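Here is the structure we will look at, set down as C-alpha cells.
The values are calculated or read from the model by the stated rules, or taken from the named source; none is laboratory data. Model, not experiment: these values are computed from the prediction. Note: ideal-geometry Cβ built from the backbone for every residue, glycine included; neighbour counts use all protein chains shown.
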Amino acid sequence: MSAANFIGGEWLASAGGRTYEKRNPFQTADVVGEFPASEATDVDAAVGAAVDAFGDWAALSPQRRGAILFQAAERILARVAEIAGDMTREMGKPIRESSAEVSRGADQLRFYAGEGWRAQGEIFSQGATGNQVQVLRRPLGVVGLICPWNFPFSIPLWKAAPALAYGNCVVLKAAAEAPSGALHLAGCLHEAGLPPGVFNVVVGRGDEVGTPLVKHPSVRAISFTGSVGVGEQVRQEAVPLGKRVQLELGGHSPLVVMDDADLARASEAAFAGAFWSAGQKCTATRRIYVHERVYDEFLVLFLQRIERGAVGDPADPATEVGPLVSEHQLTDVVGAIERGRSEGGTLVRGGERLGSDGFMLAPAVFEDVADLDYLSREEVFGPVTSIYRFGDLDEAIERSNSTRFGLSASIFTRDSENVQRFVARIEAGVVRVNAATAGGEPHVPFGGSKGSGYGPREQGRAALDFYTETVTVYQNP
Ligand code: NAD
C-alpha cells in the first residue's frame, strides 16, 4: 500500500502536492503516514481514467470480471495481518475486529465474483404475439463511492465489489481519517489484474474531494455512507443533477430484553453491541430496553461484563475496546456525556478519559435518561449506551421506534410470538433475534429505513438494483 492516490492504475501524489499527517489514536506520537490532500483536479483525473476504462470493462464477460475479483480475494487473504494491522494503527479498531473485517472482505469479493455465473436478467412473453421480452441489466458507467472511517475496509469493499462485478468503473473517496483500507483494496485489485482506470481511489477531505465527485458530470451515481448531515447534503447536490443516490446513514439501535430472555447471552450481546469498536458503529446498541421483571438482574450481569472487558491497546489481540478515532470525536462524545448528565441522566459507570495519551474513554452506561433526552435520540458515536425499564413488549417496540433512525434492532426472548410481533412492528432495516444489534453477512441486504437510509439496499443481490439499469428488449422475428 502506498500513501498516495490510485488513479489509472498508478500511485500518484495529489496534483497540488499537498499532504496531511495521520497519527495513531492510541499513541499520538506515532505518525501513521502522510496522505495526499487531494482536490478537484485529482477527482477529474480519476473520473477521466474511469471513463476511458469503462467501455472495455463493461464489454468483458461477467465471468471474466468475476475471475479478477476472485483473484483479489486471494490477495486479501494472504495479507489479512498487514491490512488489519494498518487499520488498527490508523483508526484504533481492536485488531481482532480489524482482522475479522478484512477476512469478511474476501467473502464479499467472492460473493460478487460468483455473480458472473448467475442470471442477471429475466425473460417474459409478449402478450400480443407470444414472442420474447428480455429484461436485461446493464452497468451505469462511472460510479462515485464515498466512504466513512469506521469500517475502512468493509465499506469500500462492499460498495466496490458489486459496482465492479456488474461492469461499472469506480472512483472511491476514502475517508481522510482512515484511507489505508481503500488503498490496500486498490493494491489487491491491481495485482489481481484489474485493468487500469477501472478502480480509482482519491484521498482527502469531504469538501475538497467529495463535493467535486458528487457534482462531476461524468459520474452517474453516488453511493454514500456516513453521517446524516453530510448524506443529506450529498442528496441535495446529486439528485437535481439527475444522479442515482444511495445513502447509508446513522443509527440509534435498540436492544430489547424480554423477561424470558437468556440474560447471560443478552448481556454479552449488549456489551459487544455497545462497546466493540468503541461504539463507533452505525449499528451500535445505543438503547437497551429491559423488562422490569429482569431489569436489576440484567444490569448486574451487564456491569459485570463491562468489568471483565479488556479495554486498552487495540494492537493487543485480547483488547475489546480501543480508542476513539480522533480528538475531535473524543471531544464530541465527552460533550454528549456531559449533556446526558445535565439533562438528568445517571452515569452508572464509565465515561472518564483513560490514560494521558490517546483517545481512550471508559465504556459508559446511563440510567434515568428520559425518552426525549439527547442520549435517547441522537447518535453519539462512541462507547456510550443507556438502559431503560419497560412493562410490556408493545411499550418496548413503541419506544424503540421513537427515534428518526431505523437501521438495526434486536430482541432477546425465547418466545416465538414475541419474535413475530417484534419483527412485524419494529422500524428497522436489519432485525436480529437473540443476537447483538451489530453484525451482518455479505450475501444478504443491509441498510436502514426511516432516517437511516435512502435508495436501494447494499450488499447481497440487492446491490444489483443500485449498480445497474434495466433495459427491456422486445424480441420479434
Ligand atoms: P461523515 O459524514 O463525516 O463522512 C463520510 C464521508 O463523506 C467521508 O469520506 C467524508 O470525507 C465525506 N464528506 C464529508 N463532507 C462531504 C461533502 N460535503 N460532500 C461529499 N462527501 C463529504 O461520516 P464519518 O464521520 O466518516 O462516519 C461516521 C458516520 O457514518 C456515523 O454517522 C455512522 O452512523 C455512519 N455510518 C453509517 C453506516 C451505515 O451503513 N448506515 C455505516 C458506517 C457508518
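Quick notes on this structure:
Okay, residues lined up against (1) within 7 Å of the ligand (Cβ to nearest atom); (2) more than 18 Å from the chain's Cα centre (by Cα):
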site	(1), (2)
GLY197	no, yes
GLY210	yes, no
GLN236	no, yes
VAL239	no, yes
GLN246	no, no
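Here is a yes/no grid of residues against (1) at positive phi; (2) outside the structural domain of GLU82 (by TED's automatic domain parsing); (3) in a loop (DSSP other than H, G, I, E, B):
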position	(1), (2), (3)
TRP11	no, no, no
GLY17	yes, no, yes
GLU21	no, no, no
PHE26	no, no, yes
VAL32	no, no, no
PHE35	no, no, no
SER38	no, no, yes
ASP44	no, no, no
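- Residue within segment 419-435 that is part of a loop (DSSP other than H, G, I, E, B) and under 21 Å from GLU320 (Cβ atoms) present: yes
- Single residue of segment 321-345 satisfying the filter (exposed (fewer than 14 other Cβ atoms within 10 Å of the Cβ) and either at pLDDT below 95 or among the hydroxyl-bearing types (Ser, Thr, Tyr) (or both)) that is nearest to the chain's Cα centre (by Cα): THR331
- Conditions (1) near the ligand (Cβ under 8 Å from one of its atoms); (2) closer than 23 Å to SER452 by Cα; (3) part of a helix (DSSP H, G or I); number of the one not met by THR283: (3)
- Residues being in contact with an Asp or Glu (Cβ under 8 Å, 6 or more places away or on another chain) and under 20 Å from PHE412 (Cβ atoms) - total across segment 369-387: 2
- Residues of segment 199-253 that turn out to be of a type in the set (Ser, Thr, Tyr) and not in a strand (DSSP E or B), as a count: 3
- Among the residues of segment 322-348, those identified as within 24 Å of GLU97 (Cα to Cα), away from the ligand (no atom under 13 Å from the Cβ) and touching a helix residue (DSSP H, G or I) at 6+ places or on another chain (Cβ under 7 Å) are GLY322, PRO323.
- Within segment 364-380, the presence of a residue that is modelled with pLDDT of 95 or more, among the acidic types (Asp, Glu) and farther than 28 Å from ASP259 by Cα is excluded.
- Residue in segment 446-476 that is surrounded by the most Cβ atoms within 10 Å (Cβ to Cβ), counting only those that are polar (S, T, N, Q) and not in a helix (DSSP H, G or I): GLN459
- Annotation: of all residues in segment 411-439 being touching a residue at least 60 places away in the same chain (Cβ under 8 Å) and within 16 Å of the ligand (Cβ to nearest atom), the one that is nearest to GLN280 (Cα to Cα) is ALA438.
- LYS215 among the basic types (Lys, Arg), touching a residue at least 24 places away in the same chain (Cβ under 8 Å), closer than 25 Å to ARG75 by Cα and within 16 Å of the ligand (Cβ to nearest atom): no
- Pairing residues of segment 225-244 that are under 13 Å from THR211 (Cα atoms) with residues that are assigned to a loop (DSSP other than H, G, I, E, B) and near the ligand (Cβ under 10 Å from one of its atoms), at Cβ distances under 7 Å and at least 6 apart in sequence or on separate chains, gives GLY231/LEU249.
Okay, residues lined up against (1) touching a residue at least 24 places away in the same chain (Cβ under 8 Å); (2) in a helix (DSSP H, G or I); (3) not β-branched (Val, Ile, Thr):
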residue	(1), (2), (3)
ILE306	yes, yes, no
PRO317	yes, no, yes
PRO323	yes, no, yes
THR331	no, yes, no
GLU338	no, yes, yes
ARG341	no, yes, yes
GLY351	yes, no, yes
SER356	no, no, yes
PHE366	yes, no, yes
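- Some residue of segment 384-406 being within 16 Å of the ligand (Cβ to nearest atom), under 18 Å from the mean Cα position of the chain (by Cα) and not in a loop (DSSP other than H, G, I, E, B): no
- Selection count, segment 442-459, where residues are free of Cβ contacts under 8 Å to residues at least 60 places away in the same chain and more than 19 Å from PRO254 (Cα to Cα): 3
- Qualifying position, being buried (at least 24 other Cβ atoms within 10 Å of the Cβ) and more than 16 Å from the ligand (Cβ to nearest atom), among ALA274, ALA270: ALA270
- Note on segment 138-172: residues that are of a type in the set (A, V, I, L, M, F, W, C), within 13 Å of the ligand (Cβ to nearest atom) and surrounded by fewer than 24 Cβ atoms within 10 Å (Cβ to Cβ) total 1.
- Looking across GLY439, GLY447, GLY429, GLY453, one residue alone is at pLDDT below 95 and within 22 Å of LEU247 (Cβ to Cβ). It is GLY439.
- All conditions but one from (1) within 14 Å of the chain's Cα centre (by Cα); (2) more than 9 Å from the ligand (Cβ to nearest atom) apply to ALA175; the one that does not is (2).
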